[in-house]
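**Q** So that we are looking at the same thing, I have put the structure below in structure tokens.
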Amino acid sequence: MEDAPRYRRVLLKVSGEALMGKREYGICTETVARIARDIAEVVELGVQVCLVIGGGNIFRGVSGAAAGMERASADYMGMLATVLNALAVQNALEKLGLQTRVQSAIPMASVCEPYIRRRAIRHMEKGRVVIFAAGTGNPFFTTDTAAALRAVETGCDVLLKGTQVDGVYSADPRKNPSATRYDHLTYLDVLARDLAVMDASAISLSRENGLPIIVFSIHEPGAFAAVMRGKGIYTLVADAAA
Ligand code: UDP
């Protein structure tokens, strides 16, 4: 028999860039469908799943596209970009027969639900995948921080960051072949060494609330389910090794 999942409720953060596939901008529907299949596999294990999707494939408040704009206005554009991605992921999950709800931090009544913490938890208890859109609803934040915030608020056991590589490395492994992957790091290791895991506010929030972070490859089919069973390749960020 396969190992039972180690977690009851999890939040998966996927960056907007992960949805681009081989494109340079926007959404690749095949890639979104593939990621949706991995999420469905985890829901089938009986794990309650919620998602935060970034917006970097469309617009970032600090990007060149926003150059010259007032930062707050640019950030609102970035938050709206995450709503586009959330709807794309919702569509892909529903095609697989999953029940889903999008909840936006910026109310958008005819498109999705507003963010309501208790309702989000109830949806997950009923087996629905909840997609948190529009980040924290505040400029000057990122979707990494939104992911840590929602994971803590909704009582998730772990925050997963699906990235381009299979964990946290000492340097970018795509540029530096001698880079080594860490199995375990503490929150302070990440902050002190300025490792590219998540931004400092997301790490601090996770640390203050004892929320473990697992970094794994979103592009490796089946990796999400493997991590749920404590298998596969990943880096754990927590004060004590699991
Ligand atoms: N954003 C924001 N507040 C939030 C979350 C996101 O203002 O709470 C804006 C910000 O401009 C950011 C953009 O939305 O650059 C897209 O989010 P992010 O860069 O985190 O996306 P990712 O890198 O994960 O694709």
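**Q** Any idea which residue in segment 61-75 is nearest to Ala105 (Cα to Cα), counting only those that are modelled with pLDDT of 90 or more and within 7 Å of the ligand (Cβ to nearest atom)?
**A** Asp75
**Q** Something else about it: Is it the case that Gly222 is over 15 Å from the mean Cα position of the chain (by Cα) and either closer than 26 Å to Glu41 by Cβ or crowded, with 21+ Cβ neighbours inside 10 Å (or both)?
**A** Working: over 15 Å from the mean Cα position of the chain (by Cα): yes; either closer than 26 Å to Glu41 by Cβ or crowded, with 21+ Cβ neighbours inside 10 Å (or both): yes.
Yes; evaluated as a whole, the condition is true for this residue.
**Q** Among all residue pairs at least 6 apart or on different chains, which show Cβ distances below 8 Å where the first residue, located in segment 8-19, is without any contact (Cβ under 8 Å) to a residue 40 or more places away in the chain and more than 8 Å from the ligand (Cβ to nearest atom) and the second is open to solvent by 10 Å² or more (accessible area, probe 1.4 Å) and in a strand (DSSP E or B)?
**A** Once the first residue is without any contact (Cβ under 8 Å) to a residue 40 or more places away in the chain and more than 8 Å from the ligand (Cβ to nearest atom) and sits in segment 8-19, no partner that is open to solvent by 10 Å² or more (accessible area, probe 1.4 Å) and in a strand (DSSP E or B) comes close enough.
**Q** Something else about it: Step by step: first the residues of segment 29-60, then only those that are within 14 Å of the ligand (Cβ to nearest atom) and touching a Lys or Arg at 6+ places or on another chain (Cβ under 9 Å), then the one that is most open to solvent (accessible area, probe 1.4 Å). Which residue is that?
**A** In the first step, residues of segment 29-60 are kept if they are within 14 Å of the ligand (Cβ to nearest atom); the result is 31-32, 35, 51-60.
Add one more test, that the residue is touching a Lys or Arg at 6+ places or on another chain (Cβ under 9 Å), and what stays is 31, 51-54, 57.
Values: Thr31: 22, Leu51: 0, Val52: 2, Ile53: 5, Gly54: 2, Asn57: 3 Å².
Only one residue fits best here, namely Thr31.
**Q** Determine whether Ala196 is open to solvent by 60 Å² or more (accessible area, probe 1.4 Å), modelled with pLDDT under 95 and either assigned to a strand (DSSP E or B) or of a type in the set (A, V, I, L, M, F, W, C) (or both).
**A** yes
**Q** Among the residues of segment 225-237, what is the count of those that are in a loop (DSSP other than H, G, I, E, B) and either modelled with pLDDT of 95 or more or surrounded by 15 or more Cβ atoms within 10 Å (Cβ to Cβ) (or both)?
**A** Taking segment 225-237 and keeping what is in a loop (DSSP other than H, G, I, E, B), we get 229-234.
Subset that is either modelled with pLDDT of 95 or more or surrounded by 15 or more Cβ atoms within 10 Å (Cβ to Cβ) (or both): 229, 232-234.
Number of matching residues: 4.
The values are calculated or read from the model by the stated rules, or taken from the named source; none is laboratory data. Predicted model only: the values in this text are computed from it and were never measured. Reconstructed Cβ throughout: ideal geometry from the backbone, glycine too, with neighbour counts over all protein chains shown. For the accessible areas, the whole protein counts, side chains as well, though only heavy atoms, and no ligand, DNA or RNA atoms are used. Shrake-Rupley method; radii C 1.70, N 1.55, O 1.52, S 1.80 Å.
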